1. Here's a check for you: in region 96-111, which residue that is touching a residue at least 24 places away in the same chain (Cβ under 8 Å) and part of a loop (DSSP other than H, G, I, E, B) is farthest from the chain's Cα centre (by Cα)?
2. Among the candidates L16, L8, L20, which residue alone is surrounded by fewer than 16 Cβ atoms within 10 Å (Cβ to Cβ), in a helix (DSSP H, G or I) and either in contact with a His (Cβ under 6 Å, 6 or more places away or on another chain) or at pLDDT below 90 (or both)?
3. With the checklist (1) surrounded by fewer than 19 Cβ atoms within 10 Å (Cβ to Cβ); (2) under 13 Å from L88 (Cα atoms); (3) under 18 Å from the mean Cα position of the chain (by Cα) in hand, flag the one item R114 doesn't pass.
4. Could you count how many residues in region 120-135 are part of a strand (DSSP E or B) and either at pLDDT below 90 or within 13 Å of the chain's Cα centre (by Cα) (or both)?
5. Report yes if some residue within region 51-58 is among the polar types (S, T, N, Q), modelled with pLDDT under 80 and either part of a helix (DSSP H, G or I) or farther than 14 Å from L100 by Cα (or both); otherwise report no.
6. Write out, first by first residue and then by second, each pair whose Cβ atoms fall under 8 Å of each other, whose residues are 6+ apart or on separate chains, and whose first residue, in region 59-84, is at positive phi while the second is of a type in the set (D, E).
7. Restricting attention to region 59-89, which residues are of a type in the set (G, A, S) and either modelled with pLDDT of 95 or more or farther than 17 Å from R143 by Cα (or both)?
8. Do we find a residue being assigned to a loop (DSSP other than H, G, I, E, B), within 25 Å of H52 (Cα to Cα) and modelled with pLDDT under 95 anywhere in region 138-145?
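The values are calculated or read from the model by the stated rules, or taken from the named source; none is laboratory data. Just so it is clear, the model here is predicted, and its values are computed rather than measured. Every residue, glycine as well, gets a Cβ built from its backbone with ideal geometry; the counts of neighbours run over all protein chains shown.
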Amino acid sequence: MLQLARALTHSLAVALVSSLIVLGSGTASPAGAMDAKTTIHPAWGRTSTKAHVLKPSCRNYGYSYAITPPKGDWAMETFLIGPGGVHLSSGAMAIGMDGLTGHDRFRFCRPSTRPGIFKIKALITVQDDQGKDYQQGWLPVTRFRLR
């Protein structure tokens, strides 16, 4: 039952992130370059993780985040980018379901992943209190080694 509740919560967060992005200023392009129209906002927060060892089979690899988005309803989408710009995984957090600080994890598999330098990109979308205006911004990219 708890797993079903977590899955539903995650699905709702993804839906909120998607609707904020679609209604906002554009669509995120996680694997490619950051959208030139969407600014990097270091003051809005950060993601972090340590170097990891690539383990056999499929595993979870944790990361943390701490954000201070502008006032309003916020959603954050994270993207794990592997060596060569390969998009491996993503995550979503949203106001009312997640805190401004927390931990999450990416899940990926050794057979389809090679060691190297990885990136976590995070896009925050904020809707103002009146529901009229949106802001989007990237957090600074987090880089880590997976060996």
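1. Going through the qualifying residues, I end up with M97.
2. The conditions single out L8.
3. For R114, the exception is condition (3).
4. Total meeting the criteria: 6.
5. No: zero hits.
6. Pairs that qualify, where the first residue is at positive phi and the partner is of a type in the set (D, E), are G72/D128; G72/D129.
7. Of everything in region 59-89, those that are of a type in the set (G, A, S) and either modelled with pLDDT of 95 or more or farther than 17 Å from R143 by Cα (or both) turn out to be G62, S64, A66, G72, A75.
8. no
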